[in-house]
1. How much of Phe91 can a 1.4 Å solvent probe reach, expressed as accessible area in Å² and rounded to 10?
2. Taking K and R as +1 and D and E as -1, what net charge do the other residues with C-beta under 9 Å from the C-beta of Ala215 add up to?
3. Mean separation of Cα pairs under 8 Å and 6+ residues apart, divided by the residue count of segment 727-840: what relative contact order is that in percent?
4. Rounded, prolate or oblate, given the Cα gyration tensor of segment 205-358, with a/c below 1.5 counting as rounded?
5. Quote to one decimal, in nm, the extra length available between Arg117 and Glu332 on full extension: 0.36 nm per residue of separation minus the C-alpha distance between them.
6. Checking the cross-link filter: which aspartates and glutamates have an alpha carbon closer than 18 Å to that of Lys827, excluding same-chain neighbours under 8 positions apart?
7. Kirkwood hydrodynamic radius for segment 1-106: how many Å is it when counted over pairs of different Cα atoms?
8. Reported to two decimal places, what Rg/Rh ratio describes the chain when computed on Cα atoms with Rh from the Kirkwood expression?
Amino acid sequence: MYQGWVDAGYFTADVTSDKPTYSIVLPPPNVTGSLHMGHALNHTLMDALTRRKRMQGYEVLWQPGMDHAGIATQTVVEKQLAVDGKTKEDFGRELFIDKVWDWKRASGGTIQGQMRRIGDGVDWSRDRFTMDDGLSRAVQTIFKRLYDDGLIYRAERLVNWSPELRTAISDIEVKFEDVEGELVSLRYGSLNDDEPHVVVATTRVETMLGDTAVAVHPDDERYRAIIGTTLEHPITGRQIPIIADDYVDPEFGTGAVKITPAHDPNDFEMGVRHNLPMPNIMDERARIVGTGTEFDGMDRFEARVKVRERLAEEGRVVAEKRPYLHSVGHSERSGEAIEPRLSLQWWVKVETLAKSAGDAVRNGDTVIHPTSLEPRWFGWVDNMHDWCISRQLWWGHRIPIWYGPDGETVCVGPDETAPEGWTQDPDVLDTWFSSALWPFSTLGWPERTPQLEKFYPTSVLFTGYDIIFFWVARMMMFGLYVANDDAFGAKDVPNVPFKDVFLHGLIRDQFGKKMSKSRGNGIDPLDWVELYGADALRFTLARGAQPGSDLSIGESHAAASRNFVTKLFNAVKFALMNGAQPAQLPDRAELTDADRWILDRLDEVRAEVDTAFEAYEFGKACEALYHFAWDEVCDWYLELAKVQLTRPDEAHTRTVLGVVLDSLLRLLHPVIPFVTESLWKALTSGESVVISSWPEASGIETDVAAAQRIEDMQRLITEVRRFRSDQGLKDKQKVAARLVGIDAAALTAHEDAIAALARLTPPEDDFAVTASLEVRLSAATVTVELDTSGTVDLEAERRRLEKDLAAAEKELAGTAAKLSNDAFLAKAPDQVVDKIKARKVLAEEEVARIGARLADMGAK
């Protein structure tokens, strides 16, 4: 089915079309990646919007592509080489890059096949890759512009360093984990208590080899006398100053802290403020170097032990706390603890760029959904630090800086050639640099192209709130930096990369816990596709999606969605078996109350769904459609239609049923595309629901009186059903009954439907009222008189009720026991406890209901 859509060109955008445009760029997944549940959520929501806009008559572009994923891809290929005992250095840079391209062609892009499995309606004819020629040209172009404008520079600063990968990594690639380490308190200065000394505490003893100061708070009376003096370093022997800085918390520990500017972010900032030396004591593999001590050449963890042992031998270890639980950043890719390290890198000066990104949201050129996340946006862009854009890798966009034999430097643009004999900078750009150009580079920038003119700015960006800074802010910065470029032509709208930013939350398990490998609660979306179908996966995700909110899902949610899809299938199957087909509706006066009611409800639900979609409230749209389809169309109208179809004067039920299901399938198609396509084509004989029109308002005034009569009928039937259940009557068992007051209630026309749905039969000659109930309706009270004699085996019913009572009492005792168990309550998640409480309440109600029924039987 999916391939048929692609072959028919339904997803292919036409730049020559005169339709209004709607465009979305797919956040480019890593070429090494596989579809995870976060992807599935994001893709489902984007696909729903683009499918709906296509049905509304827009020329839609959903731009696909993949990210070259510098670190991840290079690591994959290096691991393959390692199997044969080879390293990338054995091949050299050019041959190694050729091997990466070979891997990409052979094995990259697994996720694109998975995208097809879940129905992503992207324009595959425009598929892009961040390392293809066009995007590489865009990267080189903007780098040179930024460099020429003084916004790219090279400097030695602190970075997140991966000793395993031997490169700087971004903040998003650092994951913090609690580890059991040690907290060691060291004595600097004299070992004589009467002479100047300070005690500092550290979790990384080895870094003291790079200490260049000890800092205290300027108002701390304990240290006022030694501020400005120096103490001898316990191992290197050099003199280190005692400095005063407001950053130091005098209430924490001893109120004194060691300062290692080259290996701690806060120490680096203090080092800059006080112009301290910044010796880098670790090489790229995190081995101790340049200290002139016996620790040179040791791995950082080995040195940690050896330094502590030497200091202990000298009597300088005042205290040790072990184990000491503290948070340590780890490389997401390689798993080892990252090392804050002073390193010569390339940087983007972000001050003016970040200000423009903040102003675009402040003045409404770009709107963030939900607006409650705006403070997080401003928190990022208003306090942004310069961006480290260089990586010590081979795979990626190589930095277009060349060095001459006498130290000259030149930035080479895409149409320029470096001077002969010059050497190119070995580093490559951060992957986020190229992806920051994604909204416009994929459309042909820096060239002026028809697709750039038609589809830019894009309509909306979809992404998780967790990468609002790493990707969204940077796209805004670069998009606004080139906003006045001739390539965009004259626009009557602000040249922001996207008009709306929709931020969805994280997916959690059914207990509200974040999904992770370590917890073992992750879900492979393709497993759900196999078990429940792609439509059920998509409906589960969309039904739980609200702007900025996390969503909790589990197997039960997917099963419920599968059941909903099955319900739709069966509804259309019934309609087809009974000759239903959408056609021109007759005048409303010719329709029954039920027909008018369901058509009016269709109008109301369509409006509700439109409002929700426009506000990116997918959960509300899905809830409205779910309850309309299940509770009103299937549970009521289909049952009423069965009655109407038996009437000799029936004329329009099949048409109304066809019209309602036709519109319902079209409203559901954006979220559940596959089954709606199959059912809609069977119902309408149309080409494809993908290119059908979106349902529009009928323009007919709601028939309030008909709706009230249907509501009264539903209430009457529901009360009779409840009474039957309380009396222990079987669902299919018919009971003789007389409806008193039905004329006054204006329900005479519905008497056959009431009888059919409530399982009632007309009274016969021997009719005797054995039970009755009164049902207050809008116009009058209807009394339902029933003859239940002979319908209930009282002894059998008593045994059944006693069995049910025993089960309810067992459930009540079990839940009460758990809720009174303090040990259980201390360990159980809140969601589990809440469910047990709910079960206890239901058990209490069931015990009371069955007990009352048994008492009533005894009295009779």
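The values are calculated or read from the model by the stated rules, or taken from the named source; none is laboratory data. On a predicted model such as this, the values are computed, not experimentally measured, just so you know. No Cβ is skipped: glycine too gets one built from the backbone with ideal geometry, and neighbour counts run over all protein chains shown. Calculation scope for accessible area: heavy atoms of the full protein, side chains included, ligands and nucleic acids excluded. Shrake-Rupley method; radii C 1.70, N 1.55, O 1.52, S 1.80 Å.
1. 60 Å²
2. Net of charged neighbours comes to -1.
3. Once normalised by length, the contact order is 25 percent.
4. It is oblate, given that a/c is not under 1.5 and a/b is not larger than b/c.
5. Net length gain for the segment: 74.6 nm.
6. Of all the aspartates and glutamates, those that pass the test against Lys827 - Cα under 18 Å, at least 8 places apart if same chain - are Asp509.
7. One over the average 1/r among Cα pairs gives 16.7 Å for segment 1-106.
8. Radius of gyration relative to Kirkwood radius: 1.08.
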